[in-house]
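The values are calculated or read from the model by the stated rules, or taken from the named source; none is laboratory data. Since the model is a prediction, treat every value here as computed from it, not as a measurement. With ideal geometry, Cβ positions are generated from the backbone for all residues, glycine too; neighbour counts draw on all protein chains shown.
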Amino acid sequence: MRVWMQMQPQIETRQIGRTRIVLHAFAGRRRLGDLQYYLEKDMLTDAPYDLVVVSLDIVINDRWGDATREDTRRLWLTAIRDKYVVRFVAGPPCETWSRVRGVLHPDQGAAAERGVPRVLRTLSELWGLPSLGIRELSQILTGNSLLIFTLELH
């Protein structure tokens, strides 16, 4: 089985043959137990196709993993439309959806609380809380752009 760990910037011809691409957006760094790990682990050795998992994330590739770039967005929108990608999976973009926002570690004191990034979204304010600072507003705009990208791909 072939596995691409980084983005492949060009797709020349329509997918023919054994290769099947699964695009995993906002995958983060590779780690034991991530989606790619299980897809590869559970792949049958006698499967009629080769599974290629592409982990799309800026921490993996600063150009082709950056879904805020127009050329990256166009590449994957075209690849899905042309049926190169057979499955698309996306976790929440961690720019603003991270589970660690607003969580103070038990070992941290009150002074460290200033360093904890605050929650920028809630269920009632999915597109961002009102009265954000400039840096937080920038993060919301980036997170919203990534979220819209996932909606475009579906």
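Laid out as a table, the results:
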quantity: First in the range 25-48 and assigned by TED's automatic domain parsing to the domain that holds Glu152, second anywhere and among the aliphatic types (A, V, I, L, M) and outside any loop (DSSP other than H, G, I, E, B), Cβ under 6 Å, 6 or more apart; calculated: none
quantity: Residue match in the range 55-69 (condition: part of a loop (DSSP other than H, G, I, E, B), surrounded by 14 or more Cβ atoms within 10 Å (Cβ to Cβ) and basic (Lys, Arg)); calculated: yes
quantity: Candidates Leu56, Leu35, filtered to the one that is within 20 Å of the chain's Cα centre (by Cα), of a type outside the set (D, E, K, R), within 28 Å of Thr142 (Cα to Cα) and at pLDDT 85 or above; calculated: Leu56
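Rundown of residues vs (1) touching a residue at least 40 places away in the same chain (Cβ under 8 Å); (2) farther than 13 Å from Leu153 by Cβ; (3) assigned by TED's automatic domain parsing to the domain that holds Leu120; (4) charged (D, E, K, R), yes/no style:
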{"position": "Trp64", "(1), (2), (3), (4)": "yes, yes, no, no"}
{"position": "Glu70", "(1), (2), (3), (4)": "no, yes, no, yes"}
{"position": "Arg73", "(1), (2), (3), (4)": "yes, no, no, yes"}
{"position": "Arg99", "(1), (2), (3), (4)": "no, yes, yes, yes"}
